[in-house]
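J.: A single structure is presented below for examination.
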Amino acid sequence: MEKYSKFWFDGADYAVHEENLIISLKYSLDKQIYFTEKLTLPVNFAGRTGRTGEAFNRAVQALAVIGGISYYKTYLPREMAGLELTPDQADFWQKVYERGLGEFFYQNKIDFPGKVNFQASAQAESTFPVENAARSGSLVAVGGGKDSIVTAEILKNAGEDFYLFSLRDSAPIKETAEIFGKPRLVVGRELDVKLFELNAQGALNGHVPITAYISALMSVCAIYYGFAEVIMSLEKSSNYGQFIYLGMDINHQYSKSEEFEKDFRNYLEKYVDGNLNYFSLLRRFDELKICQIFAELKNFEAYARVFASCNRNFKINGEKQAGKWCGECPKCAFVYLCLAPFLSKEKLVQIFGQDLLDKADLEHLYAEILGLENFKPFECVGTPEESLAAIYMTSLKMDFAESMLIKKFVNEWKDKAENQPNFMGWENLKNDSLKLKTGGYFTDKWEKLIKQYE
């Protein structure tokens, strides 16, 4: 696919048009095929008037670099051009592109070592002045699913000053945000149509690290509107990948991992704005703990009617599905399983429209989620250990006793899991499944807040 030799970062600019700020990210392939991606955000949001400056400019430049990944992957040119990076910056983006495209490389059977080439420049600035602009409040990413609901409810219950962020809009995002009762910043994104035209002509396509893009975009917005923190809802489980491919750990959720979180926070501090705090409030929790908190929310019934984690709700192109849960994909299967220990079968069927643990056509998918076949699906699902803990806990509930896949677990999968040495951790999870902790980055304030939920 080496049809083009250079991928050009042709700069980024912005301008106010009527009541919106339009950010344009520009790229090209060998200065022959040009792309422009546009982002639209209001000049005024929640009583805050946007302000630009040096820190904002640097944040936009970082967004432009990660935004290029969607266009770069079409033909994987050997050389990156148009950037002035320090050695440390070049190493950071080299890692983000390689790790972030790991699944893409695997799916397209690409011998990727040496493909990505970010080079340092002697002209690159190495130090930046810190802007002492007044900052207050937090910008919180919401996606319409259980994780961001839990984060928002924790913050709301603590009386924190926070505002919501979403990239584009959808029914689950809009309806859950209405329950929060907080102002929501909706940013529009317009990918260049030539990208889709090239894909239709045979250019390479596949998964990109969208959370890295959202993180960079939220940093742009936080600096523009004067927020002190960018808060994500990324859990412990995202640290674990699928397998090793050509010597690299392939992780569908790389840009949701603690490794990326730390790297990106350090990048912001050194090269964008040292006053901006970026972290995930849920980092120390496994999916099971998050599902427990979610199911025990005082206003859970309100969310039960509107939340969704099925990614078919968020397709960029194509027809949208009628309901909020397709009942067929790894995300639907996993979320159903992890909620099953804490909700009745009747309630889950009311939410999902069917008992997913009683569907014969999901047997192999659940076997993959449990780590008993192939590898963990390329989706945002948890580890085999916590999935096994979830199905074990569910098997103890009388209302699921007749579900086909619960019977399969009791009669076959349980023994198979216990006899596999790589599932040593599942013994601890099934016996102590709701005390799931790991390290995380918090200031004293956030540390004290999150400990209440352990």
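Taken together, the values in this text are just the output of simple stated rules run on the coordinates, not laboratory data. This structure is a prediction, so every number in the text was calculated from the model and none was measured. A quick note on method: Cβ atoms are made from the backbone with ideal geometry, for glycine too, and the neighbour counts reach across all protein chains shown.
J.: Under the Karplus relation 6.51 cos²θ - 1.76 cosθ + 1.60, θ = phi - 60°, what is the ordered set of whole-Hz ³J(HN,Hα) values for segment 401-416, x standing for Gly and Pro?
T.: Residue by residue, segment 401-416 yields 4, 9, 5, 4, 7, 6, 4, 4, 5, 4, 8, 9, 5, 4, 5, 4 Hz.
J.: Ratio to report: Rg/Rh of segment 6-280, with Cα atoms as the point set and Rh obtained by the Kirkwood method; give two decimals.
T.: That ratio is 0.95, to two decimals.
J.: Mind listing the phi-derived Karplus ³J(HN,Hα) values for segment 23-33, rounded to whole Hz, using 6.51, -1.76 and 1.60 with θ = phi - 60°, and x for any glycine or proline?
T.: Whole-Hz 3J(HN,Hα) from phi for segment 23-33: 9, 10, 9, 10, 8, 7, 9, 6, 6, 10, 10.
J.: Considering only DSSP states other than H, G, I, E and B, which GluC sites (Glu not before Pro) in segment 1-39 qualify as loop sites with at most 11 other Cβ atoms within 10 Å?
T.: Listed in order of number, the matching sites are Glu2, Glu18, Glu19.
J.: Can you put Met404, Met393 in order, fewest other beta carbons within 10 Å first?
T.: Met404, Met393
J.: Using a Förster distance of 35 Å, how high is the FRET efficiency between Ala302 and Lys397, based on the Cβ-Cβ distance and rounded to 0.05?
T.: The formula returns an efficiency of 0.90 here.
J.: Using Stokes-Einstein with the Kirkwood hydrodynamic radius over Cα pairs, what translational diffusion coefficient do you get for segment 324-431 at 10 °C and a viscosity of 1.306 mPa s, in µm²/s rounded to a whole number?
T.: Once the numbers are plugged in, D ends up at 116 µm²/s.
J.: Looking only at the chain, where both bridge partners belong to it, what percent of the DSSP beta bridges are antiparallel (to the nearest 5)?
T.: The antiparallel proportion sits near 60 percent.
J.: Using per-residue counts of other Cβ atoms within 10 Å, averaged over each peptide, order 95-106, 80-91 from highest down.
T.: Final packing ranking: 95-106, 80-91.
J.: Then there is this: For each of Phe409, Phe162, Phe285, Phe196, count neighbouring Cβ atoms within 10 Å of the residue's Cβ, then give the residues from fewest to most.
T.: With the fewest neighbours first, Phe409, Phe162, Phe285, Phe196 line up as Phe196, Phe162, Phe409, Phe285.
J.: I've got another one for you. From the C-alpha gyration tensor of segment 248-301, pull out the three semi-axes of the equivalent ellipsoid (sqrt of 5λ each), sorted largest to smallest, in whole Å.
T.: 28, 17, 7
J.: Fewest Cβ neighbours within 10 Å first, please rank Cys329, Cys338 accordingly.
T.: Lowest to highest Cβ neighbour count: Cys329, Cys338.
J.: Let me ask something else about it. Based on the Cα gyration tensor of segment 17-132, what are the three equivalent ellipsoid semi-axes, each the root of five times an eigenvalue, rounded to whole Å and given largest first?
T.: 29, 19, 13
J.: Also, quick follow-up: With Cβ to Cβ distances under 10 Å as the rule, what net charge do the other residues near Glu287 carry (K, R +1; D, E -1)?
T.: Computed value for this residue: -1.
J.: While we're on this one: Where does the charge balance sit around Ala64 when Lys and Arg score +1, Asp and Glu -1, over other residues with C-beta under 13 Å from its C-beta?
T.: Here the count lands on -1.
J.: Moving on to the next point. Report, in degrees rounded to the nearest 10, the 0 to 90 angle that the Cα long axis of helix 87-100 makes with the longest principal axis of the chain.
T.: Between helix and principal axis, roughly 40 degrees.
J.: Now for a different question. How large is ³J(HN,Hα) for each residue in segment 217-229, as worked out from phi by the Karplus curve 6.51 cos²θ - 1.76 cosθ + 1.60 (θ = phi - 60°), to whole Hz, x for Gly and Pro?
T.: Result, rounded to whole Hz: 5, 5, 5, 4, 5, 4, 5, 4, 9, x, 8, 8, 9.
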